[in-house]
Amino acid sequence: MARTVTLALLLALSVLAVCSAQRRRFNFNFQPPPPRHRFSVEAEGGARGRRNFNVGGSVRGEYDVYRGRDGTRVVASGGVAHGATRIDGTTYKGRPQAGVGIGVEIPIGKGR
């Protein structure tokens, strides 16, 4: 009797071990996707006294119009830059420079 109970218990434990080994673990991926838009604001300047200095700044923005599953992206971008220079008390200001564009980014190789 004890031998049959031990054999039945061993059989039940082995069936339980095989069933639990075949079950996949849960995959909880709660990381949000990266944002579709990116912005950058930059400013720079330098001086050699009150009468001689140089300042400038730029703003740039990008937006992912399309994202493929393989990492391919179509990106629309635009930017504006402006600067001013003062030399010996005379200030020189250029017109703001702007640009817009559409680009395609295709990942090549394994390092994605």
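Quick note: the coordinates plus some simple rules give every number you see, no bench work behind them. Keep in mind that what you see is a predicted model, and the values were worked out from it rather than measured. With ideal geometry, Cβ positions are generated from the backbone for all residues, glycine too; neighbour counts draw on all protein chains shown.
Remarks
- Here the condition is being under 30 Å from residue 108 (Cα atoms) and among the β-branched types (Val, Ile, Thr); of 55, 41, 18, 80, it holds for 41 alone.
- Of the residues making up region 90-106, one or more are among the hydrophobic types (A, V, I, L, M, F, W, C), touching a residue at least 24 places away in the same chain (Cβ under 8 Å) and in a loop (DSSP other than H, G, I, E, B).
- Taken together, 55, 59, 75 contain a single residue that is assigned to a strand (DSSP E or B), under 14 Å from the mean Cα position of the chain (by Cα), on the phi < 0 side of the Ramachandran plot and among the aliphatic types (A, V, I, L, M), which is 75.
- A Cβ distance below 8 Å, combined with a sequence gap of six or more or placement on separate chains, defines the contacts here; from region 64-81, residues that are in contact (Cβ under 8 Å) with a residue 24 or more places away in the chain reach residues that are of a type outside the set (D, E, K, R) and assigned to a loop (DSSP other than H, G, I, E, B) in the pairs 70/107; 71/106; 71/107; 72/106; 72/107; 81/96.
- Test result for residue 66, aromatic (Phe, Trp, Tyr) and either assigned to a loop (DSSP other than H, G, I, E, B) or more than 15 Å from the chain's Cα centre (by Cα) (or both): no
- Scanning region 31-45 for residues that are closer than 11 Å to residue 84 by Cα and free of Cβ contacts under 8 Å to residues at least 12 places away in the same chain yields one hit, 45.
- One residue stands out among those in region 48-94 that are out of contact with any strand residue (DSSP E or B) (no Cβ under 6 Å at 6 or more places or on another chain) and charged (D, E, K, R): the one that is surrounded by the most Cβ atoms within 10 Å (Cβ to Cβ), which is 51.
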